[in-house]
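Here's the structure we're looking at; comments come further down.
The values are calculated or read from the model by the stated rules, or taken from the named source; none is laboratory data. Just so you know, these numbers come straight off a predicted model, no measurement behind them. Here Cβ is always computed from backbone atoms with ideal geometry, including for glycine, and neighbour counts include all displayed protein chains.
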Amino acid sequence: MPCRAVVFDFDGTLADSMPFLQNIGVDIMMKHFDMSEEDASERYVSTTGLPYEHQIKMNFPDDPRNEAAIEEFEQLKIERIFEQDLFPDAIRVVKGLKEMGLDIFVSSSTFQPTIEEFFKRREIKGLFKSIVGYRPGFEKGIHHFNYIHDEFNVSFYDMVFVGDSLKDYERARGICDFVGLVGLFSEQDFREAGHSDHVIANLSELLDLLSSL
């Protein structure tokens, strides 16, 4: 696994924000689509890693209630995302990777202005080569990877994507190397989804993993 650039997912990977997002995502599904918490949780988890807009439209195709649900989620997320903490080892790991000479990127399903503001408020935006957020038609996966490739001359062969969801793995598969981070999904979940390479239990393991390659 050659590596020149590490691309981090945000929610659940750098930031301990998945409990917050899952709570509001499930609550909104229950509220707008009149379903049980169990059903809503299953639908949310099965599509996590995607923008909530996509989660809703995949789970409820052509439902007239979709736009109201999406709007409520995004409003709640913007109101409270800045309260969410990074994982305790996130900054140390990012700094350690930079000391190894690697370029560090963020690739998020959060809207671009919001994700940039998150890091700006913590005065750590400068740790990253680029922070890449979501807009319709430009999302985590091939769009973001192509942007990093074109703008920063990083080949897919030298790119490693670190994410905590099965959708993160799906979006990296066949494009660049992927490291799965255990959290919402277990190592077994990643293996059953077809990921046969590296899975780590916490971000700190990434330093040893990449320094040994």
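Remark: ILE70 matches the filter, which requires a residue to be among the hydrophobic types (A, V, I, L, M, F, W, C), closer than 30 Å to ASN146 by Cα and not assigned by TED's automatic domain parsing to the domain that holds TYR169.
Answer yes or no as to whether ASP85 is touching a residue at least 12 places away in the same chain (Cβ under 8 Å) and touching a Phe, Trp or Tyr at 6+ places or on another chain (Cβ under 9 Å). In short, no. Residues in the range 10-55 that are among the small types (Gly, Ala, Ser) and under 17 Å from the mean Cα position of the chain (by Cα): GLY12, ALA15, SER17, GLY25, SER46, GLY49. Only one of the numbered conditions (1) touching a residue at least 24 places away in the same chain (Cβ under 8 Å); (2) part of a loop (DSSP other than H, G, I, E, B) is not met by ARG171, and that is (2). Of the candidates ILE78, ILE104, ILE28, the single residue that is closer than 25 Å to PHE138 by Cβ, surrounded by fewer than 17 Cβ atoms within 10 Å (Cβ to Cβ), in contact (Cβ under 8 Å) with a residue 12 or more places away in the chain and among the aliphatic types (A, V, I, L, M) is ILE78. Within the range 156-166, the set of residues being more than 17 Å from LEU209 (Cβ to Cβ), touching a residue at least 40 places away in the same chain (Cβ under 8 Å) and surrounded by fewer than 22 Cβ atoms within 10 Å (Cβ to Cβ) comprises TYR157 only.
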